[in-house]
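Visitor: Have a look at this one before I ask anything.
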Amino acid sequence: MTRPGEKGPFPDMKHDKTTVSRRDFIKTALSTTCGTFLFPWKAAWADEGFTPADPHVKEAYFYQALGGGTVRCGTCPHACVTQPGERGLCRTKVNIGGRLYTISYANPCSINVDPIEKKPLLHFHPGSRAFSLAVAGCNFHCLNCQNWEISQTSPDRTRNYDLSPEAAVAAAARYGCGTIAYTYSEATTFFEYMVDVAGRAKAEGIRNVWVSNAYISPPALDRLCTVIDAASLNLKCFSDDIYRRLNGGTLAPVLRTFETLHERGVWMEIINLVIPTYTDDMETIARMCDWIVDHLGPAYPLHFSRFFPKYKLTRLPPTPLETMEAAKAVALRAGLQYVYLGNVPGGCDLTRCPQCQTPVIERQGYRLLKTHLKDGKCPSCRTLINGRWT
Amino acid sequence: MSPMTTNRRFWACLLALGISSVSVQLIMAREIMSTFSGNELILGVVLGAWLLFTGLGSALGARRAGSRRPDALLFWGHLVVAVWPFCQILIVRALPLFWVRGEIQGLPVALVSGSLTFLPYCLTAGAMIPLAGAFLSGKDTPSRVYVADTIGDILGGLLFSLILVYLFPHWTSLILLAVLNLFAAAAMQRGPLRFIPVVLCGLVVAASPSLDTRSLSWRFPGQEIVLHKGTPFGQLTITRSGRQINVFQDAIPTFSTHDLHMEATAHLPLCQVPQGARVLLIAGGVFGTLDEMAKHAPERIDYVELDPAILALSVPLGRAPLPERVRSHVGDGRLFVKQTSATYDLVIVDLPDPENAQLNRFYTKEFFREVKAVLSPGGVLAFSLVGAENYMEETGLALNRSVFSALRQAFDHLLVLPGPTHHFMASDRPLTRDVEEVLASRGITTQRLVDYDLAAMTDPWRIDKLSELLAGKEVFPNSDLSPRAFGHLLDMWLKKTWSPRGILYLVFLLIIVSAVLSTRGNRIYLAIMTSGYAAMAFELTLILLFQVLYGYAYLAMCMLITLFMIGSVLGALGSRRWERSLRDQIRGADLVLVFLAVATAAVAVLGVRSLEPAVLSAIQYLIIPLLIFVAAAATGCQFSAASRACGGEEIRITGRLYGADLAGAACGTILTGLFFIPSMGIIGVLVSIVVLKGISLLLTGKAGLVG
């Protein structure tokens, strides 16, 4: 700005007194910015227009009213406490007028027919096909999620099918699937839908498979055990600290789930993702394997899965194959009878009899080549091979 | 002090500052790319903040100019400029240690941590510019400062781009630049005492190299660094974890031994053409794609790789030498397609997703047409894009749709195989889904593709669902002048990292407010600020246009940027000798910039539509360099004229003009790179220049102005 008394080639350019001063401008801009951040947007946008009349909204099966419109969700160990208009961590449970509702009912966003080996379940009706469905949502926020597009969002933000439990069971039968798998996202977050579909499927003679992070409350799990036939469960690591940092959960409830399924006789296979510098410590893996043997026995398959950079955990290289082999050796030394390597070509191709090492099932990738089992036993030494075969 | 001494100090200061600040800026940009996902959005925001803080430093420096002897301040300034870049590198490399290991970070973290890291350097360097002007006197002081600073910038740009980047790692380059600044510091003052801090700083710098390797390892936890190499295109690192070899480009994992993704890259398209095909492969070959391709016994493979350092990786990766039938070419893939006289049965593009405007050129309707021109009848084009195995979310879907739409304009038959990566194939004849049968008939086995992935990829239900999704909505096709795919990928990154869009808008708002404030309600400063915007917008736009029409040629890019800076210097020098009134020069420059924006739009439209070699050559070699030069000369001329047109103390004028110019340039960098190009394309940028310079022209031409 040309100062008073100074002459330049633009002498008419004077400060316009009618304009806003710089001080006022800065004050206004700062106030507006602060106001924008301080404004209670959450409260203003809390009412998202969900209504119990919506066919995709259903009252949650497990919750507790705490008074004053506040409720505590009972589906998973997060036990989210919500005020009217608020959602839980999973984004699928909404407090509407002091009652807790799920908004993930009969609105799957992904439906496919997969080989059961892809879940992965290698000791559960090998070679069969699973009608796989998912509703958006998850109660974890794993940094390496391979389905982040549907797990880290909610059903009101995805393109969904309208698929009632009856229609889901009918579709599974139509596509010749003997199993329905609740998978891809976190099935616990669409618990009500899963339980209803599974109940109908069971009545129709169709099996149910729960693919999950095992982070579920004991009452919900009890109910689920009445309708499911098998579970493919992630034991992401054997460290509470890493569970909190990478996944947003804790270890103890997960272990409790494994114990409960074992007690209830539900078939399960355990998946452990080996992530470089996080879950590749052999001592921790040894402790995990010892726990499995001690609490669940040696006969449940353990799948070590090779890590590849995904979602937000993209600055780490894939797990070296030798680390995978080392983890397998640790598990076998601990006494586990069936140890597989996922995401490693050939890593699941053979199931051997733990007694005589005779190959009892041969696969090529996700394809079943041959099963030599006789009544679920090794054809050579007649040792029982654990699993659900017929 | 004698005039000769002051003159010498003036030049020593500004040349050392110009050389080092440009080099440090380029080094830090590359380090930032390695720490924050190699993302253009972060790079744009951080570079914008860099310019803004430097402008702020200039404005603050002007205030301090009268209070102390400039030589004393400049002495300490050079010491800071010499030493702080090492701290910057250490901080930028250490940042990942403060969050979850291996996790990509979003915009807020990058913006705050990056800005705070650079703040001391930018404020100091910015403040030194007007302070150096205190060595001079006279009305043309700001203009001389501008010329000296820009010459320093030119030398710095050339030094880094043509010498340092090839010969030295970043740390060593910083040591050389530190030595330069320590000499400059010593030249600022007299007396033996001045040597004490200079020598101390020199000792610290000399003892620092061990920190380089240690700090580098922070980026690669649990791995042994086998090779770390800077190339003009980024930083290449090879690490070893156990027996596994990992290749990183800008610290992003690119390849590891036992990766098998190349099976899909090679076999899916090669199953679409007969054995013995002639194939063009753009990028990715050394990571195993060539080995897989060889299974189909192609007659010839032309393999084009931009970075020769990638080609050289075959040795550390333990790959066999390229077979005879493979001919490797170093250069830009698109340029190769334009220039080749050969025809191919198959063109495979194995590049990363269109995560910047440069890469976007390989996913546009114009590129697809160029490829079609080199394909034999019924030939096939293949490439891949980010996909999703079970559900495609909205930003990824928009990206895929914009490319699908562009592809549909060039080819009759499209096949997109679903999966975590979508494999696009296009031809003018029908394409087969039965890849497994073709592989079996040729006796080709794979480790992963057939047994694990192919069933889901070729599942009719999944293919049809994806096709319906991609074709289900009419969208703007991705094009050279309007790189929508790049914009969608930025959206996807924001979503993935949970970066609130509001942060981006807040950055836009802050940068615009800063630019407006830098004008101080004065029309001359407004003209300079808007010219700063226009200059940066022109530079980015014309370089992108050059890449689109010609191709990515590193030396050509360097030359264009150098030409821009030479234009600025000559414009500033010319202004001092030009006899037209200062008002005419200021308004004339505005008018020229408006005209150039319109002319650039016309050239852009003509260039992408024309297939005439003569027209394209004229645009590439004559018109674009001329436009860059004239735009720079106009802004340089205007800066010089404005500096003489402003009344008041020269140093203050220098600081304020620099403040306005750099604030405008920051706006140009951020808004052009992150808003206009991804959402409205090149034409949107040019319209913004016309509007801004039109406003400036109107205001400087108000009644009552007398030259």
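The values are calculated or read from the model by the stated rules, or taken from the named source; none is laboratory data. Predicted model, so just to flag it, every value in this text is computed and none were measured. All Cβ positions, even for glycine, are placed from backbone atoms using ideal geometry, and neighbour counts span all protein chains on display.
Visitor: Identify, by number, the condition in (1) surrounded by fewer than 24 Cβ atoms within 10 Å (Cβ to Cβ); (2) touching a Leu at 6+ places or on another chain (Cβ under 8 Å); (3) more than 10 Å from chain A (Cβ to nearest Cβ) that B:T497 doesn't meet.
Guide: Status for B:T497: all satisfied but (3).
Visitor: Moving to a separate point now. Inspect the range A:189-203 for any residue being assigned to a loop (DSSP other than H, G, I, E, B), at pLDDT 95 or above and out of contact with any Leu (no Cβ under 6 Å at 6 or more places or on another chain) and give the result as yes or no.
Guide: As a first pass, look at the range A:189-203 and keep what is assigned to a loop (DSSP other than H, G, I, E, B): none.
No: zero hits.
Visitor: Moving on to the next point. What is the one condition in (1) under 19 Å from the mean Cα position of the chain (by Cα); (2) crowded, with 24+ Cβ neighbours inside 10 Å that A:L143 does not satisfy?
Guide: For A:L143, the failing item is (2).
Visitor: Yes or no: B:S688 closer than 30 Å to B:N478 by Cβ, surrounded by fewer than 19 Cβ atoms within 10 Å (Cβ to Cβ), of a type in the set (S, T, N, Q) and away from chain A (no Cβ under 14 Å)?
Guide: Judged against the criteria, B:S688 is not a match.
Visitor: Could you list, in sequence order, all residues of the range A:105-120 that are within 14 Å of another protein chain (Cβ to nearest Cβ) and in a loop (DSSP other than H, G, I, E, B)?
Guide: Here is the first cut: in the range A:105-120, the residues within 14 Å of another protein chain (Cβ to nearest Cβ) are A:107-120.
Across the range A:105-120, the qualifying residues are A:N107, A:P108, A:C109, A:K119, A:P120.
Visitor: Also: If a residue has to be surrounded by fewer than 21 Cβ atoms within 10 Å (Cβ to Cβ) and in a loop (DSSP other than H, G, I, E, B) to count, how many in the range B:223-242 make the cut?
Guide: The qualifying residues number 3.
Visitor: Then there is this: Could you please find all residues in the range A:309-323 being β-branched (V, I, T) and at pLDDT below 95?
Guide: Answer for the range A:309-323, where residues must be β-branched (V, I, T) and at pLDDT below 95: just A:T314.
Visitor: Taking the stated definitions as given, is B:W50 over 23 Å from B:I154 (Cβ atoms) and aromatic (F, W, Y)? Show your work before the answer.
Guide: Values: over 23 Å from B:I154 (Cβ atoms): no; aromatic (F, W, Y): yes.
Considered against the rule, which asks whether it is over 23 Å from B:I154 (Cβ atoms) and aromatic (F, W, Y), B:W50 comes out as no.
Condition check ((1) away from chain A (no Cβ under 14 Å); (2) of a type in the set (D, E); (3) surrounded by fewer than 24 Cβ atoms within 10 Å (Cβ to Cβ)) across all residues:
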site	(1), (2), (3)
B:G387	no, no, yes
B:S402	yes, no, no
B:S405	yes, no, yes
B:Q409	yes, no, yes
B:H423	yes, no, yes
B:A426	yes, no, no
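Visitor: Just to be sure I understand, how many residues within the range A:226-245 are buried (at least 17 other Cβ atoms within 10 Å of the Cβ) and either in contact with a Lys or Arg (Cβ under 7 Å, 6 or more places away or on another chain) or acidic (D, E) (or both)?
Guide: Counting residues in the range A:226-245 that are buried (at least 17 other Cβ atoms within 10 Å of the Cβ) and either in contact with a Lys or Arg (Cβ under 7 Å, 6 or more places away or on another chain) or acidic (D, E) (or both) gives 6.
Visitor: Tally the residues that are on the phi > 0 side of the Ramachandran plot and outside any loop (DSSP other than H, G, I, E, B), restricting the search to the range A:342-380.
Guide: Residues that pass the stated criteria total 0.
Visitor: Within the range A:98-113, can one find any residue that is small (G, A, S) and under 17 Å from the mean Cα position of the chain (by Cα)? Steps first, answer last, please.
Guide: Here is the first cut: in the range A:98-113, the residues small (G, A, S) are A:98, A:104, A:106, A:110.
Narrowing the set further to residues that are under 17 Å from the mean Cα position of the chain (by Cα) leaves A:104, A:110.
Yes, some residue in the range A:98-113 is small (G, A, S) and under 17 Å from the mean Cα position of the chain (by Cα).
Visitor: In the range B:591-600, is there at least one residue being away from chain A (no Cβ under 14 Å), surrounded by fewer than 22 Cβ atoms within 10 Å (Cβ to Cβ), modelled with pLDDT under 85 and part of a helix (DSSP H, G or I)? Don't jump to the end; show me each part of the working.
Guide: As a first pass, look at the range B:591-600 and keep what is away from chain A (no Cβ under 14 Å): B:591-600.
The next check asks that each one be surrounded by fewer than 22 Cβ atoms within 10 Å (Cβ to Cβ); those that pass are B:591-592, B:594-595, B:598-599.
Next cut, modelled with pLDDT under 85 only: none.
No, the range B:591-600 contains no residue that is away from chain A (no Cβ under 14 Å), surrounded by fewer than 22 Cβ atoms within 10 Å (Cβ to Cβ), modelled with pLDDT under 85 and part of a helix (DSSP H, G or I).
Yes/no matrix, rows are residues, columns are (1) of a type in the set (D, E); (2) in contact (Cβ under 8 Å) with a residue 60 or more places away in the chain; (3) surrounded by 21 or more Cβ atoms within 10 Å (Cβ to Cβ):
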position	(1), (2), (3)
A:I150	no, no, yes
A:A171	no, yes, no
A:G176	no, no, no
A:T179	no, yes, yes
A:Y184	no, yes, yes
A:N208	no, no, yes
A:I216	no, yes, yes
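Visitor: Right, next: When you scan the range B:401-513 for helices (runs of 4 or more DSSP H) that lie fully inside it, which ones turn up with 3 or more residues that are out of contact with any strand residue (DSSP E or B) (no Cβ under 8 Å at 6 or more places or on another chain)? It would help to see each step written out before you state the result.
Guide: Numbers: elements: B:435-441, B:454-457, B:460-471, B:484-496.
Fully inside the range B:401-513 and qualifying: B:435-441, B:460-471, B:484-496.
Visitor: In addition: Is it the case that some residue within the range B:465-481 is crowded, with 18+ Cβ neighbours inside 10 Å, under 32 Å from the mean Cα position of the chain (by Cα), of a type in the set (D, E, K, R) and within 17 Å of B:T364 (Cα to Cα)?
Guide: yes
Visitor: Of all residues in the range B:627-651, count the ones that are in a helix (DSSP H, G or I) and surrounded by fewer than 16 Cβ atoms within 10 Å (Cβ to Cβ).
Guide: Qualifying residue count, the range B:627-651: 0.
Visitor: Where in the range A:216-323 are there strands (runs of 3 or more DSSP E), lying fully within it, with 3 or more residues that are closer than 16 Å to A:C142 by Cβ and more than 11 Å from every other protein chain (Cβ to nearest Cβ)?
Guide: Numbers: elements: A:230-234, A:267-274, A:302-306.
Answer list for the range A:216-323: A:230-234, A:267-274.
Visitor: Considering only residues that are of a type outside the set (A, V, I, L, M, F, W, C), in contact with a Cys (Cβ under 6 Å, 6 or more places away or on another chain) and closer than 17 Å to A:F191 by Cα, look in the range A:121-141 and name the one that is farthest from the other protein chains (Cβ to nearest Cβ). Spell out the reasoning first.
Guide: Of the residues in the range A:121-141, the ones of a type outside the set (A, V, I, L, M, F, W, C) are A:123, A:125-129, A:132, A:137, A:139, A:141.
Now restrict to residues that are in contact with a Cys (Cβ under 6 Å, 6 or more places away or on another chain): A:129, A:137, A:139.
Checking the rest, the ones that are also closer than 17 Å to A:F191 by Cα come to A:137, A:139.
Values: A:G137: 12, A:N139: 17 Å.
Ranking the candidates gives A:N139 first.
Visitor: Quick one: in the range B:314-340, of everything that is of a type in the set (D, E, K, R) and within 21 Å of B:A294 (Cβ to Cβ), which residue is surrounded by the fewest Cβ atoms within 10 Å (Cβ to Cβ)?
Guide: In this case the residue turns out to be B:E324.
Visitor: Please work out if A:S212 is small (G, A, S), closer than 27 Å to A:F304 by Cβ and under 21 Å from the mean Cα position of the chain (by Cα).
Guide: yes
Visitor: Given the condition assigned to a loop (DSSP other than H, G, I, E, B), buried (at least 22 other Cβ atoms within 10 Å of the Cβ) and modelled with pLDDT under 95, answer yes or no: does some residue in the range A:324-341 qualify?
Guide: no
Visitor: In addition: Can you name every one of the helices (runs of 4 or more DSSP H) wholly within the range B:243-339 that holds 2 or more residues which are without any contact (Cβ under 8 Å) to a residue 24 or more places away in the chain, touching a Leu at 6+ places or on another chain (Cβ under 7 Å) and closer than 30 Å to B:R93 by Cα?
Guide: The helices (runs of 4 or more DSSP H) meeting that bar number zero.
Visitor: Does the range B:526-538 include one or more residues that are of a type outside the set (F, W, Y) and more than 25 Å from B:A589 (Cβ to Cβ)?
Guide: no
Visitor: Say we look at the range B:508-522 and pick out the residues that are more than 12 Å from every other protein chain (Cβ to nearest Cβ) and not aromatic (F, W, Y); which of these is surrounded by the fewest Cβ atoms within 10 Å (Cβ to Cβ)?
Guide: Per the criteria, the residue is B:I511.
Visitor: Another question, if that's okay. Can you work out which of the residues in the range B:107-131 that are surrounded by fewer than 22 Cβ atoms within 10 Å (Cβ to Cβ) and within 14 Å of chain A (Cβ to nearest Cβ) is nearest to B:G502 (Cα to Cα)?
Guide: Restricting to residues being surrounded by fewer than 22 Cβ atoms within 10 Å (Cβ to Cβ) and within 14 Å of chain A (Cβ to nearest Cβ), the top hit is B:P108.
Visitor: Within the range B:452-485, can you find the residues that are acidic (D, E) and within 13 Å of B:V435 (Cβ to Cβ)?
Guide: Selection gives B:D453, B:D459.
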